[in-house]
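A short worksheet on the structure shown next.
Just so it is clear, none of the values below were taken in a lab; they were calculated from the coordinates. It should be emphasised that the depicted structure is a prediction, and the values quoted were computed from it without experimental measurement. With ideal geometry, Cβ positions are generated from the backbone for all residues, glycine too; neighbour counts draw on all protein chains shown.
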Amino acid sequence: MGDHRNRGKWYRQKELLYYIAILAAGAVVVGLLSQWPDSHATPSGTLSLGEAFGVFTNLLGEQVTSTFGLLLLQVIVILVFARFVAWIFTKMGQPSVIGEILAGIILGPSVVGWLWPEGFHFLFPEESLHNISLLSQFGLILFMFVIGMELNLEEIRKQLRSSFVIAHSGIIIPFVLGALLALLLYESYGGKEATVLTFSLFVGISLSVTAFPVLARIIQEQGKMQSRLGILSMASAANGDITAWCLLAVIMAIAQAGSALSALFTVLFAGLYMAIMLGVIRPFFGMIGATYQTKEVAGKGVIALVFTTLLISAYVTEILGLHALFGAFIAGVVMPDNLKFRHMLTEKIEDVSLSIFLPLFFVASGLSTEIGLLNSPMHWWITGLITLVAILGKIGGTYSACRVVGENRQDSLYMGILMNTRGLMELVILSMGLELGIISPVIYAMLVIMTLVTTFMTTPVINLTNKLWARRTSKVERQHFHILFSFARSKMGLTMLRIVESLFAQPEEKVELVGLHLTVGSDTSKSDAELYRAQNFAPIQSHADASGYAVEEYYEVTDDPLHSIAKATRVKGTDLLLVGAGLELSSNPEDRAMMERHLKFGRRFSRIFSQTVNFFNLHNLFKDHTEEFVRIPHCAIGVVIDRGLERRAQQIAVLSSGKAQGFEELVERLTPTSGATIRRYKVGEVTLEEIKAHYDLLLIPYELWQELREKEPRVSDRIPTTILLQANKK
């Protein structure tokens, strides 16, 4: 053993000596080279320290203003500022895209260029804008590809008749109103390359579009993705998106060709392109998607094939005069419906596209938006008129169609408000019109403001509508005990199901169950969200089916999990909310290791860490949210500490101090049909070690648990699976 240690010490010393020797040799060679006579060198004197620093600062300035150095600086400023403004808007309950659009306008000539022209021209000199524009266009191609993948053609087929009527009514009515309004605006606001026809058609389509991604995320946030209304809304929006982009392609063809007759050939070739994409490429990728579903199987060859198809499709539509974005969109549509395959692709594309390239596009749009051009009351009156026509046309067209197909007034208005959101899709269309000279910078600014207003109003108006038409279940009609269990991991969801099985032996007569799973991050794509929902609920439903329980799925994408959980308890009329305890109470070795790292880091950098979590809108997994949960006023709360409950509890202990108000009554409501043996104890009659040794499940008041933790912080190691109960009054 001693020889082994000595040998290891010798090898370490030898490595050190070798490293010092090669460093010394390198230094000697450099020294000799520096003294070597050079006939080509310009003679110069020895520089002083100040002169040397001056040379360094000059070099630094040249690198900052170099093409690539300036581009990197622009990207950094854009990403940080866009993230900051998006964070503010998510705190206001708005989609992050609103903040990113506004960030682009602020960084443009409308705000920064007006308040600080020197800084604006340094950061965004005229000659550098082309680079930002190219990067943003490439990012848009990737983004439109993802949007195309989010459209589920099977979903559209299932709701074809209703969604066809709703989508087309929601497009045609605002399109006609917009085109008629454009006739009045053409002389003053038409672009240099515009004709009456192209200007009217373009303004009409600008007022008709719906932002499918924003609509999908609002439906997710409202928890309606699996509801009949949510499915119909998604199908109608998808149908409308395809129609709007096809109309836009025709309008672009007319604008590029110069006349409707000349555009006929473009449309014919575009039809041939669509036939090939849908009739040949889509079945081909359907076969690919059924075979290559995971990263393990799908190598770089499959990904390269997908990207090559995307770029070829974008190139074909670009040279046809339909714009590359249309080709990218269709390339996404023809991708296979297989969720795993789509998730694999979006995982590679979406994060980079949404996080880096799209903010560049927003700033590129903002640099073209000069609010200062609206310098007269008449301009603002026209802006208001355009916004009013857009809102009335979209909501009115959708509402009337919904009523015709048999929807009630509330659902019809709900869908009309959803369809009125425009967001990023509108900006993409407007940038095309400005680039082609169809619209002028003045009406471009007006339409951008309309986009912000119609997108911003969607969430608050939807929430107001929900409050006005709130349907609250009467207590007289309730015959079951309603339990909502919120789980982050399927393993915890299964533990909660076993707890319910332990308490209610006759579920079909006594209890109704709702499983809640949240995905944190409102920018999660629809296809990813659907995959997360399916993956997390699959083991829950499998277990529930085997044990005879019916579990209703409640899935939501959110930036505020606590608010979403509280909202779900109100929507579902919950009697008991089951939630998992924080990471510090977890028995999972990975969770404990994570907590130890967090505590070690937090002692030094807690302030920096908390601010970073807030700024980048990250869900703080390390924070104990139990206090927030127990404050939910209208239902009882059960915080579950999982200690490995693998089957129904056969022995249940109830430990109380007699102080917790409503605890005994709540226990009586929870255990009327339990098949387990239940023993009740007062504090002091039994030790926690005895409970852990003889019982599978412990019910204890939350107040008593707090007292026990104050006396002994590691008390959680001495208990079986436990429910901390708080009997809040409804």
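Checking the table K91/K567; K682/K711; K467/K510; K467/K659; K91/K340; K567/K659 against a 28 Å threshold on Cα-Cα, which pairs fail? Check vs 28 Å cut-off fails for K467/K510; K467/K659; K91/K340; K567/K659.
Amide H contacts of T519: E556, V557, T558, each under 5 Å away and 5 or more positions distant or on a separate chain (H built 1.01 Å from N in the peptide plane; Pro and chain starts excluded). On the beta carbon distance between L385 and W116, with R0 = 41 Å, the FRET formula returns roughly 0.80.
What the phi angles of region 237-249 give under the Karplus curve with 6.51, -1.76 and 1.60, with θ = phi - 60°, is a coupling list of 5, 5, 4, x, 4, 4, 4, 4, 6, 5, 4, 4, 4 Hz, glycine and proline written as x. A straight chain from S188 to L311 at 0.36 nm per residue would run longer than the Cα-Cα distance by 40.4 nm. Taking a point 7 Å from the Cα of N375 along the Cα-to-Cβ direction, the residues of region 108-123 with backbone N closer than 16 Å to it are 109-111, 113-115.
I need the Debye-formula profile for region 356-457: one equal scatterer per C-alpha, no solvent, reported as log10 I(q)/I(0) at q = 0.19 1/Å, two decimals. Results for region 356-457 at q = 0.19 Å⁻¹ read -0.93. Near R680, the amide H atoms lying under 5 Å from its own belong to V654; only residues 5 or more places off or on other chains count, and H is placed 1.01 Å from N. Each residue of region 423-436 was assigned a 3J(HN,Hα) from its phi angle through the Karplus curve 6.51 cos²θ - 1.76 cosθ + 1.60 (θ = phi - 60°); the sequence is x, 5, 4, 5, 4, 4, 5, 5, 5, 5, x, 5, 4, 7 Hz, with glycine and proline shown as x. The P(r) of region 628-689 has a tail past 14 Å containing 69 percent of all C-alpha pairs.
Fully extending the segment from I20 to H634, taken as 0.36 nm per residue of separation minus the present Cα-Cα distance, adds 213.9 nm.
For V511, nonlocal amide neighbours, meaning residues 5 or more places apart or on other chains whose placed amide H falls under 5 Å from its own, are F481. Computed 3J(HN,Hα) for region 64-79, one whole-Hz value per residue from the Karplus formula 6.51 cos²θ - 1.76 cosθ + 1.60 where θ = phi - 60°, is 5, 8, 5, 4, 6, x, 5, 4, 4, 4, 4, 5, 4, 4, 4, 5, glycine and proline marked x. Would any residue of region 325-367 have its amide N under 18 Å from a label point 7 Å out along Cα→Cβ of F84? List them or say none. Of the residues in region 325-367, 356, 359-360, 362-364, 366-367 have backbone N under 18 Å from the label point off F84.
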